[in-house]
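Visitor: What follows is a single structure, and I will ask about it in a moment.
The values are calculated or read from the model by the stated rules, or taken from the named source; none is laboratory data. The shown structure was predicted, so the numbers you read here are calculated from the model rather than taken from an experiment. Note that we place each Cβ from the backbone using ideal geometry, even for glycine, and neighbour counts take in every protein chain shown. Surface accessibility is based on the protein's heavy atoms, side chains included, excluding ligands, DNA and RNA. Shrake-Rupley method; radii C 1.70, N 1.55, O 1.52, S 1.80 Å.
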Amino acid sequence: MSISTPGGPERRPTVVSTGKKPAAGRPASGAKAGSGKPAGSPRAGGKGPRKPVTPVKVSQGRAWGPIALFVAVGVLAAGIIGYGAWASFQGAKPWDKRANAIDGISNIRKSDPESLKYESHKSGPLTWKYSPPVGGVHNAAWQNCMGDVYDAPIANEHAVHSLEHGAVWITYRPDLPKDQVDKLAGKVRGVEKMLMSPYEGLDKPISLQAWGYQLKLDNADDSRIDEFIKDLRVNASAEGPTALCNTGITATGTTPRELQQQQPPTQ
């Protein structure tokens, strides 16, 4: 429809109506466009508003290095705690139960207690069921056992008395290699209630004795030597822990001392 104003000094502009309203969000005809399209504006081609783009998440995978380290530390800590608990439990056991757990040990106190009995000290040469002897009848004088390392055989009669006082007596074959002898001596020298000497006729290179116990070994590197000493030194005493190991016989030789005094020394 057209509307016109007839004549006169001023004329009104002709307005042409199309019957359509301006599209929402779009400036009216003749208006300047804005600096950008607002969100949700129609896409070109009339296909509706553009959907927002969803960001794509990129998986970086698990950090296996720190996880493995954490697990390793946890396992190590559990092992340390477990060993500590086991060691504490073992240390809480009575000494005789710890000794009985040593692989290969002979417990004569249990298997043959009669062989350890005696009524009194005796002079002169004596005989025993076990070699080296581990207890029973013995001389009135003990062999000095203040960490003494004897380089020649000693009298059984005196050594057994030392065992009664709680000493550990280490014996070895005379042909044992020097480095092996030195390792044994390192465990004995200067340690109270320890003594060591070569011994003829051993069926094993090394034999350890405490009162009522014996352990025979092939090598001075065997860890059971330390176990035997730790569990039986002092503890295996038949007279109690206060029994002396000093002021004893220091001479070597397999003849008891009182007979040695009567016989001339051998050449």
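Visitor: Between a first residue in segment 201-214 that is modelled with pLDDT of 95 or more and open to solvent by less than 20 Å² (accessible area, probe 1.4 Å) and a second residue that is among the basic types (K, R) and in a strand (DSSP E or B), which pairs have beta carbons less than 8 Å apart while being 6 or more apart in sequence or on different chains?
Guide: Hits for this filter: L202/K216; I206/K216; S207/K216; L208/K216.
Visitor: Out of (1) touching a strand residue (DSSP E or B) at 6+ places or on another chain (Cβ under 7 Å); (2) free of Cβ contacts under 8 Å to residues at least 40 places away in the same chain; (3) of a type in the set (S, T, N, Q), what's the single condition that is false for S223?
Guide: The one condition S223 does not meet is (1).
Visitor: Now for a different question. If we scan segment 158-174, do we find a residue that is out of contact with any Leu (no Cβ under 7 Å at 6 or more places or on another chain), open to solvent by 20 Å² or more (accessible area, probe 1.4 Å) and of a type in the set (D, E, K, R)?
Guide: no
Visitor: Condition check: in contact with a helix residue (DSSP H, G or I) (Cβ under 8 Å, 6 or more places away or on another chain), free of Cβ contacts under 8 Å to residues at least 40 places away in the same chain and not basic (K, R). Does G104 satisfy that? Give the steps one after another, and end with the answer.
Guide: Details: in contact with a helix residue (DSSP H, G or I) (Cβ under 8 Å, 6 or more places away or on another chain): yes; free of Cβ contacts under 8 Å to residues at least 40 places away in the same chain: no; not basic (K, R): yes.
No, not satisfied.
Visitor: Among the residues of segment 129-149, write down those that are surrounded by fewer than 21 Cβ atoms within 10 Å (Cβ to Cβ) and over 35 Å from the mean Cα position of the chain (by Cα).
Guide: The answer is K129, Y130, S131, V137, A140, A141.
Visitor: From the list S120, S115, exactly one residue is modelled with pLDDT of 95 or more and either open to solvent by 30 Å² or more (accessible area, probe 1.4 Å) or closer than 25 Å to I225 by Cβ (or both). Which is it?
Guide: It is S115.
Visitor: T242 versus (1) in contact (Cβ under 8 Å) with a residue 60 or more places away in the chain; (2) surrounded by fewer than 17 Cβ atoms within 10 Å (Cβ to Cβ): which is the lone unmet condition?
Guide: Here T242 clears every test but (1).
Visitor: Kindly provide the set of residues from segment 215-232 that are open to solvent by 20 Å² or more (accessible area, probe 1.4 Å) and under 11 Å from I170 (Cα atoms), ordered by number. It would help to see each step written out before you state the result.
Guide: So in segment 215-232, the residues open to solvent by 20 Å² or more (accessible area, probe 1.4 Å) come out as 216, 218-219, 221-224, 226-227, 229-230.
Once the filter is applied, which keeps residues that are open to solvent by 20 Å² or more (accessible area, probe 1.4 Å) and under 11 Å from I170 (Cα atoms), segment 215-232 yields K216, I229.
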